[in-house]
Structures are given as C-alpha cells and as structure tokens.
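Everything on this sheet refers to the single structure shown next.
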Amino acid sequence: MINSRPQRSPRTQRASEDPLTARISGCAIEVPRIPGPGPLEVIYEEALCREFRLRGIAYERQKDINVMFKDAVIKGQRLDLVVEDRVMVEVKAVKALNDVFTAQTLS
C-alpha cells in the first residue's frame, strides 16, 4: 500500500514531528524534575547542557551572534544555546511567558 499522506519538507515540519526538537523537548521536560521550581536560569541552563551531553546532543552555549542594524553590525547579542547548529534554545525560569520573552527570542 502506498502512503498517500503528503510528506513535509524538513523546513515545514512541525516541531513536534522533528526528531531533534522532540529530543530537545524531552531534555527540557526532564531538567526541572530534579531541582524543581525556583533555581535561577543559569542552574537550569547548566542542567540542560548536562542532559544534552548525557543524550549525545551537540550544542553550543552562550553563542555570540551579530545583529544587523541599518547596514551596521552590532555585537553583543548572545544565544543561550544552539543545538546541532539548527535550533536556538532560550532558557527561562519564570512562572509564565510574557510578550517580552517572545519578542526577545524572535529578535
């Protein structure tokens, strides 16, 4: 039998269908189980990095990037984690996400 379901390209795959993002989500769910609520972001970030290492997931931590503004390069932007050169992870230790965090991540 031929599968008639259209295949999505990797660029249009939903995050829940992407194996890498599923692995990242698994790590992100595991991490707060041990320290529980309350630790600072840096603790969660360190724990997440440890979980990535345990699961064999390649990552870069506190990666510097340049931002373009009116044809000028502005330095100083830093990403919390870049996983396998494909996924940016912004670590937050808050009760609820607000619009400022979304804007920060999208920028």
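The values are calculated or read from the model by the stated rules, or taken from the named source; none is laboratory data. Please read all numbers here as calculations on a predicted model, not as lab measurements. Heads up, the Cβs are rebuilt from the backbone with ideal geometry, glycines too, and the neighbour counts pull from every protein chain shown.
Would you point out the residue of the range 67-107, among those that are among the acidic types (D, E) and surrounded by 10 or more Cβ atoms within 10 Å (Cβ to Cβ), that is farthest from the chain's Cα centre (by Cα)?
E84
Considering the range 42-66 alone, what residues qualify as being loosely packed, with under 14 Cβ neighbours inside 10 Å and either of a type in the set (G, A, S) or part of a helix (DSSP H, G or I) (or both)?
Passing the criteria: V42, R50, R53, L54, G56, A58.
Suppose we filter V91, V31 for residues that are of a type in the set (A, V, I, L, M), part of a helix (DSSP H, G or I) and on the phi < 0 side of the Ramachandran plot; which single one remains?
Answer to the selection: V31.
Yes or no: E90 acidic (D, E) and modelled with pLDDT of 90 or more?
The answer is no for E90.
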